[in-house]
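Have a look at the structure below, then the notes.
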Amino acid sequence: MVPISVCMIAKNEEQNIDKCLAPLRDLGFELVIADTGSIDATKQLASHYTDHIYDFKWNNDFSAARNFSISKASNDWILVVDFDEYFQKGDIQNLLFCISSHKREIGTITRHNPCSLLSGQTSVMTEQVARFFNRRYNHYQGIIHEQVFPVDGSNPVYFPIDISFYHHGYEDENSLNQKAKRNLQLLLTALEGSPNDPYLLFQTGKCYQVLKDYDVACNYFDAGLSCDIDPALTYVQNMIESYGYCLLELQDYQTALGLSNVYELFASQADFVFLMGLIYMNNALFEQAIAEFQKAASMKTGRTEGINSYMPNYNIGVIYECTGHIKEAIRYYSRCGNYSPALDRLSSLKH
């Protein structure tokens, strides 16, 4: 048995049990589940994989539920997983090495999230999420969108671990909307006590974005970005990009153009550079748009799949096609590989 406990909280997860738990059991982890009031077959199905299933009376506090599940583990080293996250790949030997070399730090897993960008364009975003730690030195804080912090109040120190999950829950729009509505009530309650917390403002804006209430989402993103924040933080990068996409959905292109004022703070990220290309494109500033898309395509990495390859090349093709430069359009569409919108345009232009 691997000396690591996977700790989870559950409510009505019967559709996810097998796909989530089977690979984790097969890897040799102890599985610990805190059930917060399931009325389906969650506990019955989960019992096929573990005997460590405990009831937790839900009190609108995710950290309390997380910490309860962690308290029931047999091991001090904890890996936290949600039921809609399916294991993809991982190096158990790397995890065992981290146990001995990162006593107090917090490990981040890789999570792949299906996402929508603009006008029905979809992709997969990759993010690092803090989930692996020693419970003697770290615990959860925050009633909603809970985060791991050192118990002694010091600043958290992170390190990557070689394990990745696919966030299946982001594929189901109905489920995503239900979670956004549930989380929104908890976030608004939390904001009553901490109205200037930029992370809470960001997460509230994301809920309204999921619910397609882009105007209200922009208000929360704007408030969060007005706080004293570190542009290097991942959630801050996500917030500026989410703000830009909401402005584009609202067709408020002039306000979106104002993001050029913070370009130097965020332009090291291909995702932001691509967004600026879209903003220039929608403001009919085609030369600037092409320059940003070309820059995005030249960058080595991006959090969103295709953001530094076929997506910017496709948009350059669209610009050239719309401005009558068909040969150039074909050239850029041809750089998009099997990206179906580009293949459709190539088929149309070549006939």
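The values are calculated or read from the model by the stated rules, or taken from the named source; none is laboratory data. For clarity, every value in this text was computed on a predicted model and none was experimentally measured. When we count neighbours, we look across all protein chains shown, and the Cβ atoms used for this are built from the backbone with ideal geometry, even at glycine. For accessibility, only protein heavy atoms count, side chains too; no ligands or nucleic acids. Shrake-Rupley method; radii C 1.70, N 1.55, O 1.52, S 1.80 Å.
Remarks
- Complete set of residues in the stretch 185-227 that are over 17 Å from SER242 (Cα atoms) and surrounded by 16 or more Cβ atoms within 10 Å (Cβ to Cβ): LEU186, LEU187, ALA190, LEU191, ASP197
- First in the stretch 164-192 and free of Cβ contacts under 8 Å to residues at least 60 places away in the same chain, second anywhere and assigned to a helix (DSSP H, G or I) and open to solvent by 40 Å² or more (accessible area, probe 1.4 Å), Cβ under 6 Å, 6 or more apart: LEU176/VAL210; ALA180/VAL210
- Enumerated strands (runs of 3 or more DSSP E) restricted to the stretch 27-80, each holding at least 2 residues that are open to solvent by 20 Å² or more (accessible area, probe 1.4 Å): 53-55
- Residue within the stretch 323-330 that is more than 24 Å from LEU285 (Cβ to Cβ) and either open to solvent by 60 Å² or more (accessible area, probe 1.4 Å) or assigned to a helix (DSSP H, G or I) (or both) present: no
- Pairs with Cβ under 8 Å, 6+ apart, first in the stretch 11-31 and without any contact (Cβ under 8 Å) to a residue 40 or more places away in the chain and closer than 23 Å to LEU95 by Cα, second acidic (Asp, Glu) and in a helix (DSSP H, G or I): none
- Long-range neighbours under 8 Å by Cβ, at least six apart or interchain, first residue basic (Lys, Arg) within the stretch 75-102, second surrounded by fewer than 18 Cβ atoms within 10 Å (Cβ to Cβ): LYS89/SER164
- So ILE229, is it out of contact with any Gly (no Cβ under 7 Å at 6 or more places or on another chain) and not in a helix (DSSP H, G or I): yes
- The set of residues in the stretch 148-163 that are touching a residue at least 24 places away in the same chain (Cβ under 8 Å), touching a Phe, Trp or Tyr at 6+ places or on another chain (Cβ under 7 Å) and either surrounded by fewer than 16 Cβ atoms within 10 Å (Cβ to Cβ) or in a helix (DSSP H, G or I) (or both) contains only PRO156.
Rundown of residues vs (1) closer than 19 Å to CYS115 by Cα; (2) without any contact (Cβ under 8 Å) to a residue 60 or more places away in the chain; (3) touching a strand residue (DSSP E or B) at 6+ places or on another chain (Cβ under 7 Å); (4) not in a loop (DSSP other than H, G, I, E, B), yes/no style:
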| residue | (1), (2), (3), (4) |
| --- | --- |
| GLY244 | yes, yes, no, yes |
| LEU247 | yes, yes, no, yes |
| LYS300 | no, yes, no, no |
| GLY317 | no, yes, no, yes |
| ARG345 | no, yes, no, yes |
